[in-house]
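Following: one structure in structure tokens, then a few remarks.
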Amino acid sequence: MINLILKLATGARSAVALAAFGVGGTLLFRLSPYAAVKTLLDDASLPEETITSTDRFAEVLEALGTAGRESYLQFQVWDLLNPVLIGVAGAMLLGWLLKRAQRASSTWRFVVLLPVALLTADLLENLVISIAVGAFPDRVAIGNALPLVTAAKFGAAIATIIAVVLVALMWLRDGLSGVLRRTT
């Protein structure tokens, strides 16, 4: 998988993937039932927007009511697009930066798996929420996994951002070093 990501990662693909993430993410939240669900909760955070305890998750599902839970379930379907967009954008950007920084053959190459972990955790989060919403008012055991998969999602997102910054800084540092060597 690492080799495939590195092979596919180019500046153009990174730019397209980042643009698709920006546009797609914006449309996702504007066209989906997201705003309606947030309104039902008086703009409180949805369970996937923070690391939510299982008790708080049950309270949110109760507060949404039957119609609200149906809208929330519809949003989970829409939200399948978001992890794919961010995962692909992150992988393409990191792969391209690794090649620019001449680190694609080093141990650093493993950082391209961080956006894949983010994508996976986010999809698992959608699955956990969808199963729990569908089973409501019964509590299902998989609902207990929500805080774990959400924490994994946020951890992978933070790690991806840190990796992008570090690899970009290595590229800039090495580029500046090369310029300075040529001018002296």
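Bear in mind that the values in this text are calculations on the coordinates, not laboratory data. Source: prediction; values computed, not measured. Note: ideal-geometry Cβ built from the backbone for every residue, glycine included; neighbour counts use all protein chains shown.
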> Among the residues of region 126-146, is any charged (D, E, K, R), within 14 Å of the chain's Cα centre (by Cα) and either over 13 Å from residue 167 (Cα atoms) or surrounded by fewer than 21 Cβ atoms within 10 Å (Cβ to Cβ) (or both)?
Replying inline: no
> Taking region 127-152 as the region of interest, how many residues are touching a residue at least 60 places away in the same chain (Cβ under 8 Å), farther than 12 Å from residue 61 by Cα and not hydroxyl-bearing (Ser, Thr, Tyr)?
Replying inline: 4
> Can residue 44 be described as in contact (Cβ under 8 Å) with a residue 12 or more places away in the chain, over 24 Å from residue 121 (Cβ atoms) and of a type in the set (A, V, I, L, M)?
Replying inline: no
